[in-house]
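Accompanying notes for the structure given below.
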DNA sequence: GATGATCTATAGCGACCGCTAAGAAATAGG
DNA sequence: CCTATTTCTTAGCGGTCGCTATAGATCATC
């Protein structure tokens with residue numbers, strides 16, 4: 001018993017996410033969002049609250065559809081070491097292909113330092129990422145594909161750090177040799193030392 | 001034969017740099033800059049051109065006084081391996097102590113993607129950083145303090161990547177154990193494999 | 001002290017910002 | 001049909017943005 005909406009929430013959120021992703025939070029105006037989402041300001045505010053609420057919703061959606069989905073997919077279809085390697089490969093490929101970079105990284109630098117609520121979300125997702133790498137490390141060390149002499153926790157942390165770094169480098173200077181070389185060295189920490197290999 | 005300036009250029013530029021450093025380029029208004037630098041808009045525009053020119057000047061100053069100075073200092077006073085280790089330690093310590101993060105990293109993500117001139121500067125400075133690590137790698141491998149089996153170029157690239165990543169993580173979630181663990185693992189790539197150590 | 005050059009101060013330009021009040025348009029139930 | 005409810009449209013609120021025209025203040029030189 002009311003007028004129906006003339007737009008689709010999911011489609012509109014995708015469009016909004018793309019705006020924030022490309023230009024960042026501050027540089028995206030509500031008018032930009034409205035234009036991209038195909039609705040005017042009052043409809044936008046009625047449907048999604050204010051700009052900040054829309055952003056956090058886009059960020060959550062992005063993280064669920066990208067980071068978490070990737071973790072689930074790789075962890076459920078690949079053995080632990082391959083999952084780590086594949087994750088890194090996909091990040092390198094994405095970084096080279098998509099000039100928008102990673103919304104999580106962009107947000108960690110632009111929004112999180114001035115927004116405690118967003119900082120909490122970012123920190124939690126970084127923790128999830130570290131958890132993924134840590135689980136893979138432990139499982140890989142147990143099955144023998146990853147050198148058992150490395151501290152699993154710290155290697156997992158370096159993997160997260162490397163991914164953040166790759167995203168930064170790619171955004172400013174997307175050179176394939178640079179990203180691939182760095183990723184290869186990070187992954188070399190999974191190799192057993194020479195003694196174990198030749199023993 | 002004219003009225004002298006009522007402010008010091010260096011002091012004013014330091015104040016402007018702090019503004020950009022803390023809030024970013026977009027979130028810093030010319031009025032903010034004027035207030036921090038102690039001069040009104042017309043003086044600011046007369047002395048430094050527009051906002052963008054002031055920013056690039058601040059960025060150059062920052063890079064000369066921070067990154068380049070650190071490279072020179074470490075490279076001239078420490079042996080190669082120690083220079084790498086010390087660089088990483090200082091980045092971790094700075095990241096934990098200064099909530100502003102690194103202006104180069106902040107700029108690489110916020111400004112560089114939408115500003116070709118700034119992107120060039122950022123890319124060049126990242127190249128200098130990679131060059132520093134590469135020189136240290138080569139020298140350290142020659143003198144035997146760094147494992148000769150690692151590809152110097154790629155390890156240098158991972159060091160740069162790790163630093164970028166540490167800066168991102170610290171800005172969103174400055175946890176000492178996380179940063180130190182990641183840095184330690186990156187530095188472990190300098191260690192000779194067990195065969196070489198025990199030979 | 002007058003002159004000319006440079007700097008500073010006041011004020012405000014047009015444009016955009018996030019956001020919203022008020023009313024017209026579109027639906028479901030009666 | 002009419003009414004109630006929700007959405008959409010128009011218009012605009014006060015505020016800030018980057019930037020500048022104009023005029024007054026302060027100096028070296030003559």
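The values are calculated or read from the model by the stated rules, or taken from the named source; none is laboratory data. Predicted model, so just to flag it, every value in this text is computed and none were measured. FYI the Cβ positions are ideal-geometry reconstructions off the backbone, even for glycines, and counts take in every protein chain you see.
Just to be sure I understand the filter: pairs with C-beta atoms under 6 Å, separated by 6 or more residues or on different chains, first member in the range B:1-21 and within 14 Å of another protein chain (Cβ to nearest Cβ) and touching a residue at least 40 places away in the same chain (Cβ under 8 Å), second member away from DNA strand C (no atom under 14 Å from the Cβ) and not in a helix (DSSP H, G or I). Which pairs pass?
Taking only residues 6 or more apart or on different chains, the pairs are B:20/B:28; B:21/B:100.
Looking at the range A:22-53, which of its residues are free of Cβ contacts under 8 Å to residues at least 60 places away in the same chain, touching a helix residue (DSSP H, G or I) at 6+ places or on another chain (Cβ under 6 Å) and closer than 27 Å to residue A:114 by Cα?
Scanning the range A:22-53 gives A:28, A:30, A:32, A:33, A:34, A:36, A:37, A:41, A:44, A:48, A:51.
Could you grab me the full set of residues in the range A:22-39 that are surrounded by 14 or more Cβ atoms within 10 Å (Cβ to Cβ), within 12 Å of DNA strand C (Cβ to nearest atom) and within 14 Å of chain B (Cβ to nearest Cβ)?
Across the range A:22-39, the qualifying residues are A:23, A:24, A:25, A:26, A:27, A:28, A:32.
Of everything in the range A:147-187, what is more than 7 Å from every other protein chain (Cβ to nearest Cβ), over 19 Å from residue B:108 (Cβ atoms) and free of Cβ contacts under 8 Å to residues at least 60 places away in the same chain? Give them in sequence order.
A:147, A:148, A:149, A:150, A:151, A:152, A:156, listed by residue number.
Could you check the range B:40-55 and list, in sequence order, the residues that are farther than 19 Å from residue A:26 by Cα and either away from DNA strand C (no atom under 12 Å from the Cβ) or buried (at least 20 other Cβ atoms within 10 Å of the Cβ) (or both)?
Step one: of the range B:40-55, the residues farther than 19 Å from residue A:26 by Cα are B:40-50, B:53-54.
Hits for the range B:40-55 are B:44, B:48, B:49, B:50, B:53, B:54.
Given the structure, is residue A:120 more than 13 Å from every other protein chain (Cβ to nearest Cβ) and surrounded by fewer than 23 Cβ atoms within 10 Å (Cβ to Cβ)? Give the derivation first.
On the way: more than 13 Å from every other protein chain (Cβ to nearest Cβ): no; surrounded by fewer than 23 Cβ atoms within 10 Å (Cβ to Cβ): yes.
For residue A:120, the condition - more than 13 Å from every other protein chain (Cβ to nearest Cβ) and surrounded by fewer than 23 Cβ atoms within 10 Å (Cβ to Cβ) - is not met.
Restricting attention to the range A:2-21, and to residues there that are touching a helix residue (DSSP H, G or I) at 6+ places or on another chain (Cβ under 9 Å) and within 6 Å of DNA strand D (Cβ to nearest atom), which single residue is modelled with the lowest pLDDT?
A:6
Counting only residues that are on the phi > 0 side of the Ramachandran plot and within 16 Å of DNA strand D (Cβ to nearest atom), give me the helices (runs of 4 or more DSSP H) lying completely in the range A:29-71 with at least 3 of them.
Working: elements: A:30-37, A:41-48, A:51-63.
So the answer is none; nothing clears 3.
Going by the structure shown, is residue B:58 within 12 Å of chain A (Cβ to nearest Cβ), away from DNA strand C (no atom under 16 Å from the Cβ) and in contact with a helix residue (DSSP H, G or I) (Cβ under 8 Å, 6 or more places away or on another chain)?
Judged against the criteria, residue B:58 is not a match.
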